[in-house]
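The values are calculated or read from the model by the stated rules, or taken from the named source; none is laboratory data. Because the structure is a prediction, the values reported are computed rather than measured. For neighbour counting, all protein chains shown are included, and Cβ atoms are generated from backbone atoms with ideal geometry for every residue, glycine included.
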Amino acid sequence: MTEVPHPRRVFSGIQPTGGLHLGNYLGAVKRFAELQAIDAEPIYCVVDLHAITAGWAGRTQMAEDTREIAAAYLACGIDPERSILFNQSQVPVHAQLGWIFSCVARLGWMNRMTQFKDKAGKNAEKASLGLYAYPALQAADILAYHATHVPVGEDQRQHLELSRDIAIKFNNDFDAPGFFPVPEPIIEGVATRIMSLRDGSKKMSKSDPSDMSRINLTDDADTIAKKIRKAKTDPEPLSETLDGLADRPEALNLVTIYAAFSGQTPAQVMVEHGGQPFSAFKPALADLAVAKMDGIADAMRRYQSDPAEIDRILSKGADRAAELAEPVLKQTYEIVGFIPRG
């Protein structure tokens with residue numbers, strides 16, 4: 001088989017396991033929307049198959065969570081006419097290709113995945129096989145579309161590296177040079193890792209028991225401002241330079257958030273605000289955050305008030321996604337040597 005170069009194609013996805021927060025917005029969804037101006041038909045998925053790897057929330061909750069993530073995508077600027085937006089379970093190719101990749105991936109590779117260790121904790125023996133094999137399905141999510149670029153946060157870099165390994169090994173093992181592209185990460189901007197507002201050493205998380213640790217996309221303007229005003233800091237004012245924040249994680253986190261909203265680098269923020277007390281910097285950050293997030297919560301509520309419209313958008317997106325993925329699966333089956341139905 002002659003190796004053929006692949007045109008640039010972007011894919012990424014988010015699990016429907018609860019509400020999105022500021023870290024998801026700045027580190028992922030905001031960039032997804034911006035990529036629409038660069039890439040033709042980026043593919044954005046609600047990865048609901050992944051959502052059951054660590055347990056099932058119930059039929060009703062599962063559907064509501066999927067629609068909530070779709071509403072967040074739409075409210076944050078994902079245009080279903082310019083992007084392909086769908087939920088993973090509507091396109092069976094993901095699971096079908098995921099099985100093939102689970103036979104390509106090596107146990108040693110899976111054993112090195114730190115996210116499994118983090119999520120399984122001390123109860124690894126009780127974790128689901130799905131949680132362990134998650135990265136093989138994630139590789140299928142990407143490679144089913146011959147995606148070449150994946151916007152990811154730092155926490156997903158290891159999984160993307162495994163997707164690259166799977167693509168290379170499949171191409172080599174099945175004598176199909178270049179059939180699957182080796183996807184590249186898109187890790188851009190200053191906000192690839194937003195930390196908790198209550199503990200600058202921990203990533204902002206929807207699982208944190210304190211709602212004050214995060215800004216939810218459903219928070220209104222008053223709540224956003226209140227959470228920023230009450231965010232943990234130390235008693236000293238901002239240092240004059242960025243280097244002075246090296247051992248001050250809460251202060252650095254707020255500067256990083258300001259930079260992400262303002263389109264500046266953290267160093268540029270320090271030129272403007274360095275030396276200020278937090279009593280001055282926090283209100284400035286709150287005003288900026290409220291201005292930039294204005295309308296997201298209201299838009300989410302509008303979309304969620306019409307679940308039938310969300311379902312229509314996801315279904316239409318699934319049709320478009322299947323048109324791209326099914327020929328890839330057909331070629332994969334031919335490469336492997338599976339006999340097709342007559």
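When you check VAL152 against the structure, is it more than 22 Å from ILE69 (Cβ to Cβ) and of a type outside the set (S, T, N, Q), yes or no?
When the stated conditions are applied, VAL152 does not pass them.
Just wondering, is there one or more residues in region 195-202 that are hydroxyl-bearing (Ser, Thr, Tyr), in contact with a Ser or Thr (Cβ under 8 Å, 6 or more places away or on another chain) and either surrounded by 15 or more Cβ atoms within 10 Å (Cβ to Cβ) or outside the structural domain of ILE69 (by TED's automatic domain parsing) (or both)?
yes
Does ALA28 count as aliphatic (A, V, I, L, M) and not in a helix (DSSP H, G or I)?
no
Please name all residue pairs, on different chains or six or more residues apart, with Cβ atoms under 6 Å, provided the first residue is in region 45-67 and is hydrophobic (A, V, I, L, M, F, W, C) and the second residue is assigned to a loop (DSSP other than H, G, I, E, B).
Hits for this filter: VAL46/PRO16; VAL47/GLN15; ALA51/GLN15; ALA51/PRO16; ALA51/THR17.
Sort out which residues of region 64-76 are crowded, with 16+ Cβ neighbours inside 10 Å and not polar (S, T, N, Q), and write them in order of number.
Listed by number, the residues that qualify are ASP65, ARG67, GLU68, ILE69, ALA70, ALA71, ALA72, TYR73, LEU74, ALA75, CYS76.
Could you please find all residues in region 157-196 being polar (S, T, N, Q) and modelled with pLDDT of 90 or more?
SER163, ASN171, ASN172, SER196, listed by residue number.
Looking only at region 53-99, how many residues end up being among the aliphatic types (A, V, I, L, M) and within 17 Å of the chain's Cα centre (by Cα)?
9
Quick one: ARG193 ticks every box in (1) within 17 Å of the chain's Cα centre (by Cα); (2) assigned to a helix (DSSP H, G or I) bar one, so which box is it?
Tallying (1) within 17 Å of the chain's Cα centre (by Cα); (2) assigned to a helix (DSSP H, G or I), ARG193 fails exactly one: (2).
Of all residues in region 237-273 being of a type in the set (Ser, Thr, Tyr) and in a helix (DSSP H, G or I), which is nearest to the chain's Cα centre (by Cα)?
Checked region 237-273; the qualifying residue nearest to the chain's Cα centre (by Cα) is THR256.
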